[in-house]
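*Asks:* So that we are looking at the same thing, I have put the structure below in structure tokens.
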Protein chains: 2
Amino acid sequence: MKKVGVAILGLGVVGGGTYNILVDNKEYFKKTQDVDFTVECVLEKNVQRAIDLGLEESQVAKSIEEVVSNPNVDIVVEVIGGVEPAKTFVLKALKSGKTVVTSNKELFAKHWPELETEAKNNKAGLFFEASCVGGVPIIRTLIDGMQANNIQSIKGIINGTTNYILTKMANEGSSYEEALKEAQRLGYAEFNPTADVEGFDATYKLSILSSLAFNKKICIENVYREGITGVTKEDIAYGKELGYTLKLLGIGKNTKHGIEVRVHPTFVANSNPLASVNDSFNAVHLVGDSVGEIMLYGRGAGALPTGSAIVSDVIYAAKHEDFFYTSFDNSPNGNKQTKFVNDFTSKYFIRLSVADEPGVLSTFSGVFSKCNISISEVKQTACENGKATVIIITHESSESNVNKALAKFKSLKVINKVESVIRVED
Amino acid sequence: MKKVGVAILGLGVVGGGTYNILVDNKEYFKKTQDVDFTVECVLEKNVQRAIDLGLEESQVAKSIEEVVSNPNVDIVVEVIGGVEPAKTFVLKALKSGKTVVTSNKELFAKHWPELETEAKNNKAGLFFEASCVGGVPIIRTLIDGMQANNIQSIKGIINGTTNYILTKMANEGSSYEEALKEAQRLGYAEFNPTADVEGFDATYKLSILSSLAFNKKICIENVYREGITGVTKEDIAYGKELGYTLKLLGIGKNTKHGIEVRVHPTFVANSNPLASVNDSFNAVHLVGDSVGEIMLYGRGAGALPTGSAIVSDVIYAAKHEDFFYTSFDNSPNGNKQTKFVNDFTSKYFIRLSVADEPGVLSTFSGVFSKCNISISEVKQTACENGKATVIIITHESSESNVNKALAKFKSLKVINKVESVIRVED
């Protein structure tokens, strides 16, 4: 039986979960995987945390050098998060020829090329299943399950915090602020929720996933990003009436004009399986030229789900000699070779506050027509105090045309305000 | 670049799809996988079919011996289906040291041990992603994505034909016979639909999937099987009123009392993501002790989806040296070591035709109580001609207790008929 030593850098939530899975399932993995895993050491400032988990004080390393010079350590698990010191630690581990398994999406989205080069140079493995969509084996699926396909699109609910908030707003009619507070109380959102609610976390994941899906270098700078802080319960309610559910989607499309990558609040048609992915669940919907539609659904975060992805990588690394490296040029130079679409097309949900006067419909529909936008659906609500709300769903239109129309609305007296503009996916 | 020769046995729907993917994506695979695939030869009686696909007549082998003795053939794809001659062909290929990729669920469910032994003895790979749930990479997920987990349950819609029929019955109020005819017209159901509608196909798949999920030998004989031929549109309509959708589920549970494996029509609560898997789509829902819930969704059949799974295996086989073999004793002897639960527990939907008399409710609820069955919900429909319909949803009850209650109903004058008994999953 193969004996494999593991070091864990960082004993936060995911580090603790990873440790527990490796220890609790030691005998199970001997039986089912023919591998005997031992957690050799950990790197963690809070020694008591390590002891509470069941480690000996002597297993708590004093420095990354102590970890990477330990000949019994074959695999280094990095679950510290953030760029530094994680990046320095990972590079040192790879330089020592240790295989690295990480859950660090920010590090990966920002510095993948450097890490991969170091891994290749030292014939070390670099595994990152846990960086995207927690326990859902989306990266394994892209690398080893859908290779036969040219992937045409990837659409995902890839951030659990925002999905929890949007589900709460939809189900309970809460405001964004109320739902955020509840998410913070339950530990789904951080005290400083920016990374989640402004879409940075989803952007990191989308850049990684779409690079793998399309075999092209896609950086976070290439991803259009819009968070959920401007979302209102009114929009969610209006969308519901029309058969749409609001989600923060990460969308990647591989079109004949180029790659399109964006993260933004999106109205998803209720017939789309993504619409019923609720609370802190995540899901990724892929379309491949051979396989057609595929969707993977599961928990995107948490000690054990993310630990499951890490240990899955640890087991894979222990059993295989041939490691995955990207087939595309993963360097900043590779990014220059990727063609992107900037003026993407989408359907739009547009909510207007209008004067309750005859001729309003013909006025704004005239503007749409001039801007080459065709309308799929219009709904006008009952008027109050001489004002009415109009909801328009457009057919596929280019972003630039929609912006032109919105600019023209500003000069129209009958349109009091463009209340909101939200993209729509069927 | 690695050059890999492929032979395809059988050019039916899936064989044709596999051929097309390998040929159409040759350049793409060179770029993304660093492998140059060539379809060296095919074994197919219908030579014209081969020529129509673009093969030379000289590439159509006259016998399996010609295929397996071809030194340029590294991987043999078997897509003939059925046990013979597929079994003989696969064994000959493995004996020659060729890696085999198959979509043949019947062969695999019935003869996996023999095939695996031959593969091991000849250090050949044996790949079978395409045998279960078409293009959905469920086997890759079980082997390489969820290894960190003790899997507790697997529940799946793993037959597209029956799901198409049941969806049609639910959406259009068709009878079983009408929906079957439409499925046959569209090519979703065979002229002789027995393998699908009687649950044999799902049983094959469930025995393979649950063996992998639970790391125990599970044979088709261990699977309780019940098809959809007795399903009525009335039951589907009554279920709908109570918030349930009828699906043919394959269910595997790893309980402390043993393994439970069964295929039968099941009312699935609409809150369960399986309830909204419609038409010919398939989905598998898994619960792992670490990862929690996961669901994979996609097309379970068809030339290109199944071809996608086959080519995914072909690429994996071309790139990896270490092949997967089961960690459990896969022999008939291994099956004796697996403990099974026979008297499984479930919630039940029971539809009774009763006399419209006072005291009916107390009569049958007395029987349930004596048989240790507690009732979750009762619904009585308006009566006609002195008869009424009563629907009962039970809490979790053992099968044997339910059978006792049903036997007692026969002697009760107020119960005219037990119209249907259908298991329920939340």
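The values are calculated or read from the model by the stated rules, or taken from the named source; none is laboratory data. If you're wondering where the values come from, they're calculated on a predicted model, not measured in any experiment. Please note: Cβ atoms are built from the backbone with ideal geometry, for glycine as well, and neighbour counts cover all protein chains shown.
*Asks:* Among what's in the stretch A:217-245 and is surrounded by fewer than 23 Cβ atoms within 10 Å (Cβ to Cβ) and among the basic types (Lys, Arg), pick the residue that is farthest from A:Val268 (Cα to Cα).
*Replies:* A:Arg225
*Asks:* Would you pick out the residues in the stretch B:285-322 that are within 18 Å of A:Leu274 (Cβ to Cβ) and touching a residue at least 24 places away in the same chain (Cβ under 8 Å)?
*Replies:* B:His285, B:Ile294, B:Leu296, B:Tyr297, B:Gly298, B:Arg299, listed by residue number.
*Asks:* Name the one entry in A:Ile392, A:Ile415, A:Ile373 that is surrounded by 19 or more Cβ atoms within 10 Å (Cβ to Cβ), in contact (Cβ under 8 Å) with a residue 40 or more places away in the chain, more than 24 Å from the chain's Cα centre (by Cα) and within 29 Å of A:Gly156 (Cβ to Cβ).
*Replies:* Being surrounded by 19 or more Cβ atoms within 10 Å (Cβ to Cβ), in contact (Cβ under 8 Å) with a residue 40 or more places away in the chain, more than 24 Å from the chain's Cα centre (by Cα) and within 29 Å of A:Gly156 (Cβ to Cβ) holds for just one of A:Ile392, A:Ile415, A:Ile373, which is A:Ile392.
*Asks:* In addition: Scan the stretch B:304-343 residue by residue and report those that are within 20 Å of the chain's Cα centre (by Cα) and among the aromatic types (Phe, Trp, Tyr).
*Replies:* B:Phe340
*Asks:* Look through B:Phe349, B:Phe368 and report the one residue that is of a type in the set (A, V, I, L, M, F, W, C), under 30 Å from B:His257 (Cα atoms) and without any contact (Cβ under 8 Å) to a residue 60 or more places away in the chain.
*Replies:* The conditions single out B:Phe368.
*Asks:* Starting from residues that are in a loop (DSSP other than H, G, I, E, B) and of a type in the set (Val, Ile, Thr), keep the ones in the stretch B:98-152 and report whichever is nearest to the other protein chains (Cβ to nearest Cβ).
*Replies:* Among residues in the stretch B:98-152 that are in a loop (DSSP other than H, G, I, E, B) and of a type in the set (Val, Ile, Thr), the one nearest to the other protein chains (Cβ to nearest Cβ) is B:Val136.
*Asks:* Also, I was wondering about something else. Can you run down the residue pairs with Cβ atoms below 7 Å, 6 or more apart or on separate chains, where the first is in the stretch B:22-38 and more than 11 Å from chain A (Cβ to nearest Cβ) and the partner is part of a helix (DSSP H, G or I)?
*Replies:* So the pair list comes out as B:Asp36/B:Lys30.
*Asks:* Next question, about the same structure. Do any helices (runs of 4 or more DSSP H) entirely within the stretch B:1-80 hold 2 or more residues that are of a type in the set (Val, Ile, Thr), and if so, which?
*Replies:* Numbers: elements: B:13-24, B:26-33, B:47-53, B:64-68.
In the stretch B:1-80, the matching helices (runs of 4 or more DSSP H) lie at B:13-24, B:47-53, B:64-68.
*Asks:* Now a separate question. Out of curiosity, is B:Ala202 away from every other protein chain (no Cβ under 14 Å), within 25 Å of B:Ile310 (Cβ to Cβ) and part of a loop (DSSP other than H, G, I, E, B)?
*Replies:* Here the answer is no, as B:Ala202 does not meet what is asked.
*Asks:* While we're on this one: I'd like the full set of residues that are crowded, with 23+ Cβ neighbours inside 10 Å and either facing chain B (nearest Cβ under 9 Å) or among the hydrophobic types (A, V, I, L, M, F, W, C) (or both), limited to the stretch A:5-16.
*Replies:* Result: A:Val6, A:Ala7, A:Ile8, A:Leu9, A:Leu11, A:Val14.
*Asks:* Another question, if that's okay. Consider B:Phe191 carefully, then state whether it is more than 25 Å from B:Gly288 (Cα to Cα), of a type outside the set (Val, Ile, Thr) and buried (at least 19 other Cβ atoms within 10 Å of the Cβ).
*Replies:* In short, no.
*Asks:* Which ones in the stretch A:312-342 are among the polar types (S, T, N, Q) and closer than 30 Å to A:Asp36 by Cβ?
*Replies:* A:Ser312
*Asks:* Answer yes if at least one residue in the stretch A:319-329 is part of a helix (DSSP H, G or I), surrounded by fewer than 24 Cβ atoms within 10 Å (Cβ to Cβ) and more than 9 Å from chain B (Cβ to nearest Cβ), and no otherwise.
*Replies:* Step one: filter the stretch A:319-329 for residues part of a helix (DSSP H, G or I), giving A:319.
Add one more test, that the residue is surrounded by fewer than 24 Cβ atoms within 10 Å (Cβ to Cβ), and what stays is A:319.
With the extra rule that they be more than 9 Å from chain B (Cβ to nearest Cβ), the set shrinks to none.
No, the stretch A:319-329 contains no residue that is part of a helix (DSSP H, G or I), surrounded by fewer than 24 Cβ atoms within 10 Å (Cβ to Cβ) and more than 9 Å from chain B (Cβ to nearest Cβ).
*Asks:* When A:Ser211 is evaluated against the numbered criteria (1) within 14 Å of another protein chain (Cβ to nearest Cβ); (2) surrounded by fewer than 22 Cβ atoms within 10 Å (Cβ to Cβ), which criterion, by number, is the only one it fails?
*Replies:* Answer for A:Ser211: the failing condition is (2).
*Asks:* Can I ask one more? Which one of A:Val47, A:Val23, A:Val35 is modelled with pLDDT of 95 or more, among the aliphatic types (A, V, I, L, M), surrounded by fewer than 17 Cβ atoms within 10 Å (Cβ to Cβ) and within 30 Å of B:Leu212 (Cα to Cα)?
*Replies:* Every option except A:Val23 fails the conditions.
*Asks:* Can you find even one residue in the stretch A:161-183 that is of a type in the set (Val, Ile, Thr), under 12 Å from the mean Cα position of the chain (by Cα) and modelled with pLDDT of 95 or more?
*Replies:* Looking for residues that are of a type in the set (Val, Ile, Thr), under 12 Å from the mean Cα position of the chain (by Cα) and modelled with pLDDT of 95 or more, one finds at least one in the stretch A:161-183, hence yes.
*Asks:* So, one more: Can you give me the ranges of the strands (runs of 3 or more DSSP E) entirely in the stretch B:223-305 with at least 2 residues that are at pLDDT 95 or above and away from chain A (no Cβ under 14 Å)?
*Replies:* B:244-255, B:258-269
*Asks:* Being more than 30 Å from A:Asp329 (Cα to Cα) and among the hydroxyl-bearing types (Ser, Thr, Tyr) is the filter here; which residues of the stretch B:29-62 pass it? Outline the logic, then answer.
*Replies:* Of all residues in the stretch B:29-62, those more than 30 Å from A:Asp329 (Cα to Cα) come to B:40-62.
B:Ser58, the sole residue that qualifies.
*Asks:* Here are some residues: A:Asn385, A:Asn401, A:Asn335. Which one is at pLDDT 95 or above and not assigned by TED's automatic domain parsing to the domain that holds A:Ala109? Working first, answer last.
*Replies:* Details: A:Asn385 fails: at pLDDT 95 or above; A:Asn335 fails: at pLDDT 95 or above.
The unique qualifying residue is A:Asn401.
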